Amino acid sequence: MKVWPFVLILLSACGSGNKFYYSGQYKTGHDSSFVYSLPFETGKKVFLVQGYESMFSHKASKALDFKVKSGTKIFAARKGIVIGARGDSDRRGLKQENLADGNYIFIQHDDSSVAQYWHFRKNGVLVNTGDTISAGQLIGYSGNTGYSAFPHLHFDVRGYDRNGNYTDIPTRFYTQRGIVYLQPGKFYRTFR
């Protein structure tokens with residue numbers, strides 16, 4: 001399955017019902033958006049390799065890459081319904097043709113925002129489209145599939161801005177340092 005047709009279906013699916021409108025500014029610190037839990041076991045220390053708009057592969061996106069070993073347990077950062085899942089790929093590499101080869105889970109929240117989790121190992125996705133997910137529920141095992149050079153978890157959230165555009169949403173997280181926007185090159189410990 002190619003990514004682009006799925007994205008168009010995803011955008012259509014997210015266009016109904018209650019909508020989340022992000023209106024805060026993540027660089028100035030004031031924000032009224034939902035606060036997420038890190039998608040790992042409580043107490044787990046993880047390293048953030050790439051942050052928002054990083055130069056390598058996040059130039060125009062508000063996505064996060066956590067460096068973790070293949071097989072690391074991944075938990076839902078927020079409750080919702082699985083609107084997309086794939087776990088059958090074992091292809092990877094830093095080539096354009098690998099963009100559509102990543103294993104993923106997309107979870108839609110009550111406000112229509114969608115958390116996207118990418119790069120699960122082959123057969124490492126434990127949920128199915130339509131499943132209702134609780135915050136903190138085990139959803140899969142990290143891997144190195146798709147556009148990926150090493151095992152990691154790619155995490156981002158999409159939703160509506162105040163102009164009604166479906167876009168990336170910067171997210172804050174509960175950590176042992178408090179509620180923060182994560183910065184690349186730092187370690188964070190999961191806290192619920």
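In this label model, Asn165 and Lys45 are separated by 4.0 nm, measuring between points 7 Å along each Cα→Cβ vector. Scanning residues 5 or more positions from Ile83 or on other chains, those with amide H under 5 Å from its amide H are Phe106, Ile107, Gln108, Gly130, with H placed 1.01 Å from N in the peptide plane.
Cross-link partners for Lys62 among the aspartates and glutamates, with Cα-Cα distance under 17 Å and sequence neighbours closer than 8 places in the same chain left out: Asp31, Glu53, Asp156, Asp161, Asp168.
Our estimate of slack between Glu97 and Gln176, defined as 0.36 nm per intervening residue step minus the Cα-Cα distance, is 24.6 nm.
Cα gyration tensor of segment 82-127, axes a ≥ b ≥ c as square roots of the eigenvalues: rounded (a/c below 1.5), prolate (a/b > b/c) or oblate? Note, shape of segment 82-127 comes out oblate. Karplus-based coupling profile of segment 74-79, in residue order and whole Hz: 10, 10, 5, 7, 6, 6, with θ = phi - 60° in 6.51 cos²θ - 1.76 cosθ + 1.60 and x standing for Gly or Pro.
Taking amide H atoms as placed 1.01 Å from N in the peptide plane, the amide H of Lys186 lies under 5 Å from those of Leu48, each 5 or more residues away in sequence or on another chain.
For Gly140, nonlocal amide neighbours, meaning residues 5 or more places apart or on other chains whose placed amide H falls under 5 Å from its own, are Ile74, Leu126.
No lab work stands behind these numbers, since they all come straight from the coordinates. Predicted, not measured: the structure shown is a model, and the values here were computed from it. Cβ coordinates were reconstructed from backbone atoms using ideal geometry, including for glycine residues, and neighbour counts include every protein chain displayed.
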